[in-house]
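The values are calculated or read from the model by the stated rules, or taken from the named source; none is laboratory data. None of these values were measured; they are calculated from a predicted model. Every residue, glycine among them, receives a Cβ derived from its backbone with ideal geometry; neighbour counts consider all protein chains shown.
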């Protein structure tokens, strides 16, 4: 198997991971968690939906939470395209690729193109959102981690090669990856794909899929902030929501903390990732036998981190093709 | 006067600020400062040149320091282009624009195109550099601020409108600006221009020019790191090298510290800037009568910060046309 | 002049600086500042009084703020004694020393002995306060700097020698001092006196007195916290309340920030001072000609820091005897 | 069983935990660890001994490491007394108590009184050490955690009641304790005893004893420093030396990190403990069934933390009397 080739002439211009749509059994509880612990700003809400964004984000939302009466799942991973006509080019491209894509008019993000990728992940693409002022300097209203902006999602897919090839075709590049021996000669465990000038927009992991493993927000002054968030959860009697960390990744080198939101969705808070712009900077491969991949020090991740992830709404996850 | 228009079909693709070339009267002293205080990695050096980079940078250098027997000046501001043939397109474009551009073969950055911009700034463009491993995780060798990567330069120019228009034509966008009343109706004091997905690659200020006001590196855990760097300078008996800060900018909202290197060149260390990708996010204007523009709290900048800057090699600075 | 001799058999046992009583023209405004910016806990209040304490303090208050219709002054500096009968011994001692001391029954601190020291500072001594739980781990309720505990006061006195001798007689030791040439041979500018096992309980400075120069609270994670408090004040439109810092003292080596409260009283936030227990550790002398005494880097303190201080209620400050 | 009573008229004045003496199989390796990771200052060394101190400590040493050819053990826990004649009073007191105490002349700490406490811990008392300048402001020479000063030791004893009573008799007070139900009615798991004005000088835990569980140093800017130390160890290829943390204790509320030194001795780095001076502040009891006692969030301590500790030289540890 080989790493995906980055298409230098992508059919349309994806600029970055835009947002994630997840479900919740209790919106009040979700709101309290994301506002008070993660420190997101509630841009808007109605009886069934919360629209949240990071404190530096001008876009209307990077996280949408919808009320559900069922087991809370992930609904969509959203990407942003550069301009309105990229959506039309995207539509044409997906049709030509045999992928069923359809337009919807979505409140607060306008014309939205929906498609399921070859990893069975439910995606959507939009070109615009209403803007709001950055709340970066509204220091008096910052709470919890005051998470600044969405960084990436990690998704479990059962055909990592096909899924990664799809993103390569859209112009994503591989920043890092883990395989059995750290080269392209062996089966991939995870592939980090990037568009926005740093190391991560979407991370694909070979596992029971499709599932959302986590969504990730960047925080300032990570060492202090990550410790503080844990203290906050302790003060709320929610020590079990601290799943793993603070610690530091080998792959990517970010300081991290993994939390579980009140519906069980996993949220990563991380320090600022490195910049990845120059084409000279080829992918870095890690061997899965190297404990440093996941964390540079301390004991390994808890079992739950390897095993538990959010299903996609209405889709039964299946074991990975090559690892069953 | 109006803000420059961003050319959506730029003649060639500039990806980011690449590097700065400055002169020093004493390379040993410079090396000690940049290695021990700023925490850059010395990639390579010879009797007359130091090549330095941030701890996360894979490119060969983001700062070049050359020995001089004269008053130390700034030699060049370097930009990176996406690929080799962008240099040829750039050359053609500059010729067509009546700007004299010439190629040189530069050690450690290959074919390099040199041109003087309408603000009289000496620029160079390159497409490749040899790569080195990121030293982001070589924690035992980190020193001082362990600055991660170059972020931006600020240059004084005497015709800010013409200079900004040049960068707009190359596809730069305006993130923020300061003018007398905070709108485009009055004279600009400064214009922040960006390519790489955050708020700053080059900042133009209307002042005696051309001069290099400062070069800026990003640091992790800014609050702790900025305080630590000041302590380090105190411990070296160099308290006067701390020119201003730690403090926080209004415009851009970064935490900052301004140091003067041993030759008097100004270096800013700053926290991670916000992301600027979406085209929805229009420029933010600040009025120069608002003290918050420069710093959100505490007394204003010292006089030296407004007055002192590094000349460009062999060029006598002149007062700004519109403000004489 | 010589440094005061520490009395090894003090007539009664002072354990630490206990609290400060200051006046305010507007209690709501004071409360907002001390709760939201300094992060103190409001233990109790009535129409004319606020009782505040640090988040780790179990004692009822370390700061009392009383409403006044006049110019807000400092009322009292409070010390804690080990036990109830220390108050009786103190009373006897003061009588024998020709100092008029009188007992009062003070709400929330019981029997309280009041006396004016030879520096004309209004003091009070108490042995008990009602206790409250430490709010150190109530992370959800922490605000602003979440100041942990009172550390010291600095007072301006006009006869520093006589004033210091008084504290030496009560068993205080000198940790550090500044004089013209850094020895006991020249006039003292300031003397740092300590009881509680670190370097500071009361600092005496030779200046127009008696006046309260500042009261000081310790904060955790000082670099991050001090920067954050400045941001908070900026966000409140109160940038001018940041008087000086963040910076680091030479004398004492703490990181510091000086704020002015809404009535103009000066509050220092500082990092944890060093421990001073061993009798082997003699006083450290600094020369006032050494700029490092006040701050290790950056420009000197603003003029206001040298000139402005809070008068004591009903007492007209006078110039220092030896420096007129 | 009841908590020990604090003797208000202790037979001699212990001021604080002074130092710990441990053995090492490889002094070079120990030196590298304590200098480069913990950041202690090497005051002096000879072929068989290292004398180390924290960066703010003026005393000659707070950690002594002696070369051994056997399994590295703990040799002594050292306490400081106020003055020389306290040693004589201590000697008389121990004789009168049926404890065999003997004087030795110890290099760098003068006349030293040695005794074994009822918990079988090897103690020594000294009144003086040569002083050195604080290196608190020698920022250029700080390394690793730049640990500031020794805070406490934790020792395993098999008769926690008798051991605690001994320290109560010497004037130590109980700050906090853990017992089965959080009261004095049930068996004690641990008792925190303090002299120096904060919560800890010696912690006794009921376990296979006598053993040294850990020695603890305080660090500045704990969140940042603790994360940095882990990174440093990772960079040294010593990820397994990070035993537990960063995290935060319930009992005591300090942020903490437990490391294992190259000989297996456990070192805690912790944030500044709260102040404990007022006699009003009674002991806080925790139930051992409360997971928060040890850490406020995240998974429990690894097994090794409960099981592994350093024996005392030449003494075979035995199970606790009441818990066998």
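Key figures
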{"read-out": "Flag if residue C:99 is over 25 Å from residue C:261 (Cα atoms) and touching a strand residue (DSSP E or B) at 6+ places or on another chain (Cβ under 7 Å)", "value": "yes"}
{"read-out": "Odd one out for residue A:206 among (1) more than 8 Å from chain D (Cβ to nearest Cβ); (2) buried (at least 24 other Cβ atoms within 10 Å of the Cβ); (3) within 29 Å of residue B:198 (Cβ to Cβ)", "value": "(3)"}
{"read-out": "Residue check for residue A:120: in a loop (DSSP other than H, G, I, E, B), over 28 Å from residue A:142 (Cβ atoms) and modelled with pLDDT of 95 or more", "value": "yes"}
{"read-out": "Selected residue [touching a residue at least 24 places away in the same chain (Cβ under 8 Å) and crowded, with 20+ Cβ neighbours inside 10 Å] from C:90, C:82", "value": "C:90"}
{"read-out": "Test: residue B:262 is within 14 Å of chain C (Cβ to nearest Cβ) and either without any contact (Cβ under 8 Å) to a residue 60 or more places away in the chain or in contact with a helix residue (DSSP H, G or I) (Cβ under 7 Å, 6 or more places away or on another chain) (or both)", "value": "no"}
{"read-out": "Residue count for the range B:22-73, restricted to those that are in contact with a helix residue (DSSP H, G or I) (Cβ under 9 Å, 6 or more places away or on another chain), within 21 Å of residue B:151 (Cα to Cα) and part of a loop (DSSP other than H, G, I, E, B)", "value": "4"}
{"read-out": "Failed item in (1) touching a residue at least 60 places away in the same chain (Cβ under 8 Å); (2) in contact with a helix residue (DSSP H, G or I) (Cβ under 8 Å, 6 or more places away or on another chain), with residue C:242 passing the rest", "value": "(1)"}
{"read-out": "Qualifying residue in the range D:105-123 (condition: within 14 Å of chain B (Cβ to nearest Cβ), over 18 Å from the mean Cα position of the chain (by Cα) and either free of Cβ contacts under 8 Å to residues at least 60 places away in the same chain or surrounded by fewer than 17 Cβ atoms within 10 Å (Cβ to Cβ) (or both))", "value": "no"}
{"read-out": "Residues located in the range C:52-89, provided they are under 16 Å from the mean Cα position of the chain (by Cα), over 23 Å from residue C:12 (Cα atoms) and away from every other protein chain (no Cβ under 13 Å)", "value": "C:52, C:63, C:64, C:65, C:73, C:74, C:75"}
{"read-out": "Among (1) in contact with a helix residue (DSSP H, G or I) (Cβ under 8 Å, 6 or more places away or on another chain); (2) surrounded by 20 or more Cβ atoms within 10 Å (Cβ to Cβ); (3) in contact (Cβ under 8 Å) with a residue 24 or more places away in the chain; (4) within 30 Å of residue B:140 (Cβ to Cβ) - the single one residue D:188 does not satisfy", "value": "(4)"}
{"read-out": "Looking only at the range B:127-147, and only at residues there that are crowded, with 22+ Cβ neighbours inside 10 Å and more than 14 Å from chain D (Cβ to nearest Cβ), the one that is farthest from residue B:83 (Cα to Cα)", "value": "B:147"}
{"read-out": "Search result, residues across the range C:159-179 that are at negative phi, part of a loop (DSSP other than H, G, I, E, B) and at pLDDT 95 or above", "value": "C:170, C:172"}
{"read-out": "Qualifying residue in the range A:218-241 (condition: more than 14 Å from chain D (Cβ to nearest Cβ) and either within 30 Å of residue C:142 (Cβ to Cβ) or touching a strand residue (DSSP E or B) at 6+ places or on another chain (Cβ under 9 Å) (or both))", "value": "yes"}
{"read-out": "Odd one out for residue C:200 among (1) under 23 Å from residue D:136 (Cβ atoms); (2) at pLDDT 95 or above", "value": "(2)"}
{"read-out": "Top-ranked residue of the range B:4-37 - restricted to ones that are crowded, with 20+ Cβ neighbours inside 10 Å and farther than 21 Å from residue B:106 by Cα, ranked as nearest to the other protein chains (Cβ to nearest Cβ)", "value": "B:37"}
{"read-out": "Selection count where residues are assigned to a loop (DSSP other than H, G, I, E, B) and touching a residue at least 24 places away in the same chain (Cβ under 8 Å), scope the range A:124-153", "value": "17"}
{"read-out": "Only listed residue being within 28 Å of residue B:259 (Cα to Cα) and either over 18 Å from the mean Cα position of the chain (by Cα) or within 14 Å of chain B (Cβ to nearest Cβ) (or both), chosen from C:283, C:299", "value": "C:299"}
